[in-house]
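Colleague: Take this structure, written in structure tokens, and hold onto it; I'll ask about it next.
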Amino acid sequence: MAASHDYSAACCSIPPIVAKGYQPHGKYETIGGLKTYVTGSETATTGILLIYDIFGFASQTLQGADILATSDKHHEYKVFIPDFLLGEYAQKEWFADDEGKKVHLPNWLKSHGPPTAIKQMPDTLNSLNKSYNKIDKWGCIGFCWGGKVATLTSKEGTTWKAAAQAHPAMLNPDDATSVVVPFLSIASKDESAEDHAKFAENLKVEKRVETFDDQIHGFMTARADLEAERSREEYERGYKMLLEFFAAYL
């Protein structure tokens with residue numbers, strides 16, 4: 001689906017994607033009681049809160065945060081990944097068989113669903129603003145269940161100036177009706193095309209909506225197969241899209 005208006009491409013230069021053994025550029029800090037990955041320029045006045053997927057601090061996710069923080073030469077971002085799940089992540093092994101998908105994952109989600117992050121968001125933002133008081137505007141990107149969090153915190157009174165979701169879990173078209181800031185939604189082949197189209201239709205804000213038809217759920221975070229050329233290309237394209245979006249609205 002086309003964007004609602006023309007986008008000015010960010011002047012970005014994404015570094016070569018590292019398939020294995022990625023060494024993060026940022027550091028971990030304790031902010032508001034949460035372990036938080038922090039990356040980006042010390043002089044940045046724009047912050048991006050990145051909500052990881054259910055697998056936590058995966059190397060592909062940290063690499064994505066570093067891309068956002070360092071690749072746009074005309075826009076400086078400080079990127080933060082709070083550990084809303086407190087180290088209690090889902091296990092990839094659960095997706096290897098039906099028992100894991102039907103038993104372990106649902107049981108885990110009962111106490112680790114999107115409300116886990118939503119409840120912590122006000123205190124987290126308050127602590128971030130105290131620790132990094134140079135930042136005067138915020139964007140948000142959520143992956144998987146983090147996409148639900150990004151959407152539900154983009155309603156009236158939100159801190160975000162712009163928000164995005166990628167391969168969102170628990171996608172509900174009705175959630176889009178409450179979004180009040182420019183919004184980017186990126187789907188994979190595994191999300192419902194019908195629900196994603198309805199979600200886009202219900203967005204009454206500046207928007208961009210894209211589907212990566214040959215990519216799996218999680219292709220921009222923990223499930224990204226960066227050793228496969230096509231997956232690596234689409235991972236890079238997804239982050240370029242995020243950079244272009246945030247350059248336009250943050």
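The values are calculated or read from the model by the stated rules, or taken from the named source; none is laboratory data. Bear in mind the structure is a predicted one, so any value in this text is a computation, not a measurement. Methodologically, a virtual Cβ is constructed for each residue, glycine included, from the backbone with ideal geometry; neighbour enumeration extends over all protein chains shown.
Colleague: For residue 62, indicate whether it is farther than 19 Å from residue 242 by Cβ and in contact with a Ser or Thr (Cβ under 9 Å, 6 or more places away or on another chain). Full working, then the answer.
Modeller: Details: farther than 19 Å from residue 242 by Cβ: no; in contact with a Ser or Thr (Cβ under 9 Å, 6 or more places away or on another chain): yes.
Criteria not met by residue 62.
Colleague: Residues 58, 69, 44: which one is crowded, with 16+ Cβ neighbours inside 10 Å, within 14 Å of residue 143 (Cα to Cα) and small (Gly, Ala, Ser)? Give the steps one after another, and end with the answer.
Modeller: Numbers: 69 fails: within 14 Å of residue 143 (Cα to Cα); 44 fails: within 14 Å of residue 143 (Cα to Cα).
Answer to the selection: 58.
Colleague: Separate question: Would you confirm whether any residue within the stretch 27-41 is of a type in the set (Asp, Glu), surrounded by fewer than 18 Cβ atoms within 10 Å (Cβ to Cβ) and modelled with pLDDT of 95 or more? If you could, list the steps in order and put the result at the bottom.
Modeller: Of the stretch 27-41, the ones of a type in the set (Asp, Glu) are 29.
The next check asks that each one be surrounded by fewer than 18 Cβ atoms within 10 Å (Cβ to Cβ); those that pass are 29.
After this cut, where a residue has to be modelled with pLDDT of 95 or more as well, the list is 29.
Checking the stretch 27-41: at least one residue is of a type in the set (Asp, Glu), surrounded by fewer than 18 Cβ atoms within 10 Å (Cβ to Cβ) and modelled with pLDDT of 95 or more.
Colleague: Filter the stretch 154-169 down to residues that are surrounded by 15 or more Cβ atoms within 10 Å (Cβ to Cβ) and at positive phi, then give me how many there are.
Modeller: From the stretch 154-169, those surrounded by 15 or more Cβ atoms within 10 Å (Cβ to Cβ) are 154, 158-169; that's our starting set.
The next check asks that each one be at positive phi; those that pass are 167.
Of the residues in the stretch 154-169, 1 are surrounded by 15 or more Cβ atoms within 10 Å (Cβ to Cβ) and at positive phi.
Colleague: Then there is this: Hey, can you tell me all the residues within the stretch 34-57 that are small (Gly, Ala, Ser), over 18 Å from residue 150 (Cβ atoms) and assigned to a loop (DSSP other than H, G, I, E, B)?
Modeller: Our first condition is that a residue be small (Gly, Ala, Ser); within the stretch 34-57, this holds for 40-41, 44, 47, 56.
Restricting the remaining residues to those that are over 18 Å from residue 150 (Cβ atoms) gives 40-41, 44.
Of everything in the stretch 34-57, those that are small (Gly, Ala, Ser), over 18 Å from residue 150 (Cβ atoms) and assigned to a loop (DSSP other than H, G, I, E, B) turn out to be 41, 44.
Colleague: Those residues that are farther than 21 Å from residue 145 by Cβ and either touching a Phe, Trp or Tyr at 6+ places or on another chain (Cβ under 6 Å) or of a type in the set (Asp, Glu) (or both), I need them from the stretch 219-233; list them, please.
Modeller: Of everything in the stretch 219-233, those that are farther than 21 Å from residue 145 by Cβ and either touching a Phe, Trp or Tyr at 6+ places or on another chain (Cβ under 6 Å) or of a type in the set (Asp, Glu) (or both) turn out to be 227, 229, 233.
Colleague: Considering the stretch 185-231 alone, what residues qualify as being in contact (Cβ under 8 Å) with a residue 40 or more places away in the chain, more than 19 Å from the chain's Cα centre (by Cα) and either part of a helix (DSSP H, G or I) or surrounded by 20 or more Cβ atoms within 10 Å (Cβ to Cβ) (or both)?
Modeller: 197
Colleague: Here is a list of conditions, (1) hydroxyl-bearing (Ser, Thr, Tyr); (2) buried (at least 20 other Cβ atoms within 10 Å of the Cβ); (3) in contact with a Leu (Cβ under 8 Å, 6 or more places away or on another chain), and residue 22 meets all of them except one; can you say which number that is?
Modeller: (2)
Colleague: Tell me, which residue of the stretch 8-28 that is touching a strand residue (DSSP E or B) at 6+ places or on another chain (Cβ under 8 Å) and free of Cβ contacts under 8 Å to residues at least 60 places away in the same chain is farthest from residue 131 (Cα to Cα)? Walk me through it before giving the result.
Modeller: Going through the stretch 8-28, the residues touching a strand residue (DSSP E or B) at 6+ places or on another chain (Cβ under 8 Å) turn out to be 10-12, 24-28.
With the extra rule that they be free of Cβ contacts under 8 Å to residues at least 60 places away in the same chain, the set shrinks to 24-28.
On the way: 24: 21, 25: 20, 26: 16, 27: 15, 28: 14 Å.
Only one residue fits best here, namely 24.
Colleague: With the condition kept exactly as written, say whether any residue in the stretch 115-138 is assigned to a strand (DSSP E or B) and either in contact with a Gly (Cβ under 9 Å, 6 or more places away or on another chain) or more than 21 Å from residue 86 (Cα to Cα) (or both). Don't jump to the end; show me each part of the working.
Modeller: First pass over the stretch 115-138, keeping only residues assigned to a strand (DSSP E or B): 137-138.
Within this subset, residues satisfying the condition of being either in contact with a Gly (Cβ under 9 Å, 6 or more places away or on another chain) or more than 21 Å from residue 86 (Cα to Cα) (or both) are 137-138.
Yes, the stretch 115-138 contains at least one residue that is assigned to a strand (DSSP E or B) and either in contact with a Gly (Cβ under 9 Å, 6 or more places away or on another chain) or more than 21 Å from residue 86 (Cα to Cα) (or both).
Colleague: How many residues does the stretch 101-128 hold that are exposed (fewer than 15 other Cβ atoms within 10 Å of the Cβ) and polar (S, T, N, Q)?
Modeller: Qualifying residue count for the region: 3.
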